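Read through the structure below, which is laid out as structure tokens, and then see the notes.
The values are calculated or read from the model by the stated rules, or taken from the named source; none is laboratory data. Bear in mind the structure is a predicted one, so any value in this text is a computation, not a measurement. Ideal geometry is used to build each Cβ from the backbone, glycine not excepted, and the neighbour counts take in all protein chains shown.
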Amino acid sequence: MKKRFLFRSFLLILMAATLNSSTCKDDDPDKVTVSTNSVDLSSGGGSQSIQVLSNTKWTISGNPSWLQVTPMQGSGDGSFSISASANTETNSRNCTLFINAGDASTVVSVNQQGAPAPVPSTTITITNNSSNSFMPLYIRFRNSGGEILHTEDLGDLHPGGVKSAQIPGSSASWFLITSSGNTVYYTADHLISETTFTITNATTWYYN
């Protein structure tokens with residue numbers, strides 16, 4: 001009789017312990033944290049690994065097409081990596097990744113820098129498309145007040161020849177002249193056909 005009583009008592013204690021353990025586990029709230037909540041990437045692209053601490057299954061959402069996330073889900077403690085391709089636009093791009101773990105969640109903000117703005121060219125290039133030779137040819141640069149800043153000797157410009165000159169930083173306009181001082185090209189009166197020269201990195205045309 002005593003043995004039976006002890007056996008029943010042992011079973012009751014075992015059941016109570018099992019029930020208590022199960023109850024504690026079910027009552028344990030969902031948790032999720034990450035090693036960083038903010039990631040900055042360069043315009044050239046890059047990748048980074050992020051650690052996840054959780055007591056349950058988790059999934060990731062919110063990634064745009066330019067950001068690859070691997071893996072998109074996991075369980076318990078783990079990690080995922082993000083990888084971005086080069087950003088060719090000058091504007092930065094960003095997104096927010098959502099890490100959901102049951103009733104818990106956290107976020108990771110990802111920002112990628114924009115590409116550097118193109119540096120304006122400081123060189124003007126003149127190509128002679130005609131059958132005429134210009135010997136020699138000069139280019140003059142003026143400021144916004146019309147004052148001559150610089151005159152550069154381009155030398156002889158034969159048919160098919162190409163000449164280049166540096167544009168002064170304070171230059172507002174420029175024009176071409178021959179050794180006799182005659183202007184050889186401007187758009188206002190079409191002194192010479194516009195097909196005579198191909199001129200790159202120039203947006204304003206002036207003459208004497």
Leading residue by the ranking (surrounded by the most Cβ atoms within 10 Å (Cβ to Cβ)) among those in the stretch 32-47 that are at pLDDT 95 or above and in a loop (DSSP other than H, G, I, E, B): Asn37
List every residue pair whose Cβ atoms lie under 7 Å apart, where the two residues are 6 or more positions apart in sequence or sit on different chains, the first residue falls within the stretch 112-124 and is of a type in the set (Ser, Thr, Tyr), and the second residue, located anywhere, is at pLDDT below 80 and in a loop (DSSP other than H, G, I, E, B). Ser121/Asn201; Thr123/Asn201
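Residue by residue, here is whether (1) out of contact with any helix residue (DSSP H, G or I) (no Cβ under 7 Å at 6 or more places or on another chain); (2) modelled with pLDDT of 85 or more; (3) under 30 Å from Phe197 (Cβ atoms) holds:
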{"position": "Thr106", "(1), (2), (3)": "yes, yes, no"}
{"position": "Asn111", "(1), (2), (3)": "yes, yes, no"}
{"position": "Ala115", "(1), (2), (3)": "yes, yes, no"}
{"position": "Ser121", "(1), (2), (3)": "yes, no, yes"}
{"position": "Thr127", "(1), (2), (3)": "yes, yes, yes"}
{"position": "Ser131", "(1), (2), (3)": "yes, yes, yes"}
{"position": "Met135", "(1), (2), (3)": "yes, no, yes"}
{"position": "Phe141", "(1), (2), (3)": "yes, no, yes"}
{"position": "Ile148", "(1), (2), (3)": "yes, yes, yes"}
Conditions: (1) at pLDDT 95 or above; (2) loosely packed, with under 14 Cβ neighbours inside 10 Å; (3) within 30 Å of the chain's Cα centre (by Cα). Gly76 meets all but one. Number of the miss? (3)
Has the stretch 97-108 got at least one residue that is of a type in the set (A, V, I, L, M), assigned to a strand (DSSP E or B), surrounded by 15 or more Cβ atoms within 10 Å (Cβ to Cβ) and not assigned by TED's automatic domain parsing to the domain that holds Pro64? no
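Residue-by-condition table, conditions (1) among the basic types (Lys, Arg); (2) touching a Ser or Thr at 6+ places or on another chain (Cβ under 7 Å):
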residue: Asn132; (1), (2): no, no
residue: Leu137; (1), (2): no, yes
residue: Arg140; (1), (2): yes, yes
residue: Ile177; (1), (2): no, yes
